[in-house]
Amino acid sequence: MNLPTRTFLLLASWVLLACCPNGHGHQAPGLLAPTLDAEAAAASDGVENWSVHMQNTNVLQGHTKIRSPYYGMNSLSQAPQMRQTVSLDLLLGLRLWSGAEAHLDGMMWEGYGMSNALGMAGFPNGEAFRKGVGPPNENFSRAFIRQSFGFGTEMEDAPSSSLFLKGRQHVKRLTFTLGRFGAKDIFDANAYANDARTQFMNWSLMANGAWDYPADSLGFTTGGAMELYLHEWVMRYGFFQVPNVSNGIALDPHIWKAWAQVVELEHKHQIGGHPGAVRFLVYANRAQMGSFQQTLNNPIRPADITDSRAYRIKYGLCLNADQEIANGIGVFTRLGWSDGKSEPWSFTDVDSSASFGISTKGTAWDRPNDTLAIAGIYNSISKIHATFLQQGGTGILVGDSRLSYGAEKIIETYYDFAVRGWLHVAFDYQFAMNPAYNRDRGPVNVFGVRLHWEF
């Protein structure tokens, strides 16, 4: 079935199913925006009391043949392959009482990542689910209420977006979000590397790889977040549920035993009239995670992390910055570290990560709505984590049955072509050394095409 036909069928199916979706959601970082003060907004022109948005993203991605002297449960296939993923969202917003909005995101998705989204910690397709499906599936990805309390009289415009109603908002405000959404909707945002549907596609560029951010296997969870906006400073705190098993769909109901907490401090600034931001994030997760050391103390091989699972805490630190350096040209970086003692639980198999990139609009070649960008990624794991993989252990995405350890190094570049204001086509290339931290495998050349439209 060709790409346009598949998309048309998904759209037709959505019309039939939009009224009764069920299940869980899909990761689409970067959509959530600061909330409105409804009372102030009502006095201005162009205020939205409700909104309807749609988006569709189609990714066709594949890799060439790779060197592979051996193969494990979570290995990237040595043979060339091509895979397609499709997502289609209908997003509804409704203004409630003073300062409050309700948002609902119903989504259909289909497809698998290469090797079922296995074989690289920095996986190349952010639209690929860890739980892929063959036929189209439908679900609620988000269902939440957001309440904002304003302070003082200073106001600013709040533009419309997929999960944000247009109007006016207080510059100083306290915002609460409660319900089902993505932790990445609020935390670890970045102007140039945040959304796999419109920017870089690699998992380690849409989020900090070292942050084992709370989510089910499709990227969403239930919880609450609080944000305090004070001019150039923003302070955020979140409390979320975690899966009851690693990379699981179901969430652990014992919220006082199993939880994820995250604190982020953001400073917005301008250098020479160009905007930028720096964010510092600290997290702690508690779940029934296995200990690498306890697992290795057991003589049974291959190493089985499930034998040592118990409620334990994993923590880490992350730094995230973006800066415009000239009109339409920006740079960004992320640095992350976690303790590396326990198994990854929700996101991917990374204990330390560093990324840096540059993004430029096509103004210089009379294509101001196009984007050309390139970035580099350096992912690594702790010594005990590497020993666990050497002894045949597996993680969320990696595990080749053996290991000759080397840091995972990835370069990604893409060109996003604006066909229309609402329609974009992107061409993406990624080159990976030591996929899944294994010097015996690879390198990997990954080619991709992305079709994205939204209104």
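A short reminder: the numbers here are calculations on the coordinates, not readings from a lab. For clarity, every value in this text was computed on a predicted model and none was experimentally measured. Reconstructed Cβ throughout: ideal geometry from the backbone, glycine too, with neighbour counts over all protein chains shown.
Only one residue of 445, 73, 217 has its Cα farthest out toward the positive end of the dipole of the stretch 3-454, where Lys and Arg carry +1 and Asp and Glu -1 on Cβ, and that residue is 73. Entry for the chain at q = 0.11, 0.12 Å⁻¹: log10 I(q)/I(0) = -0.86, -1.04, Debye formula applied to identical alpha-carbon scatterers, no solvent contribution. Restricting attention to the chain, the count of lysine pairs at 8 or more positions apart or across chains with alpha carbons under 23 Å apart stands at 17. Per residue, the average separation of C-alpha pairs within less than 8 Å and at least 6 apart gives the chain a relative contact order of 16 percent. With the simple model of a label 7 Å out from the Cα in the direction of the Cβ, residue 71 to residue 153 spans 7.2 nm.
Applying 1/(1 + (r/R0)^6) with R0 = 25 Å to the Cβ-Cβ distance of residue 102 and residue 160 gives a FRET efficiency near 0.95.
Dipole check for the chain: with +1 at the C-beta of Lys and Arg, -1 at the C-beta of Asp and Glu, and the Cα centre as origin, the magnitude is about 1080 Debye.
Dipole orientation for the chain: of the candidates 403, 363, 250, 403 has the Cα lying most toward the positive pole (charges on Cβ; Lys, Arg +1; Asp, Glu -1). With the charge dipole of the chain set up from +1 on Lys and Arg Cβ and -1 on Asp and Glu Cβ about the Cα centre, the Cα lying farthest toward the positive end among the listed residues 59, 99, 82 is that of 82.
Taking Cα atoms only, the orientation of helix 3-17 departs from the longest principal axis of the chain by about 60 degrees. Label separation (residue 419 vs residue 140): 3.3 nm, computed from points 7 Å beyond Cα along the C-beta direction.
Taking each residue as 0.36 nm, the span from residue 433 to residue 79 lengthens on full extension beyond its C-alpha to C-alpha distance by 125.8 nm. Annotation: peptides 380-386, 200-206, ranked by per-residue average of other Cβ atoms within 10 Å with the highest first, follow the order 200-206, 380-386. Length available on full extension from residue 228 to residue 306: 0.36 nm per residue minus the Cα-Cα distance, which gives 24.1 nm.
On the basis of the beta-carbon distance and an R0 of 30 Å, residue 293 and residue 256 show a calculated FRET efficiency of 0.70.
Once the convex hull of all Cα atoms in the stretch 168-268 is built, its volume per residue stands at 119 Å³.
With Rh defined as the Kirkwood radius, the inverse of the mean 1/r over Cα pairs, the Rg/Rh of the stretch 78-170 is 1.17.
For the pair residue 315 and residue 411, a Förster radius of 35 Å applied to the C-beta separation gives a FRET efficiency near 0.70, rounded to the nearest 0.05.
Each residue of the stretch 57-67 was assigned a 3J(HN,Hα) from its phi angle through the Karplus expression (A = 6.51, B = -1.76, C = 1.60, θ = phi - 60°), giving 10, 10, 10, 10, 9, x, 10, 7, 4, 10, 5 Hz with x at Gly and Pro.
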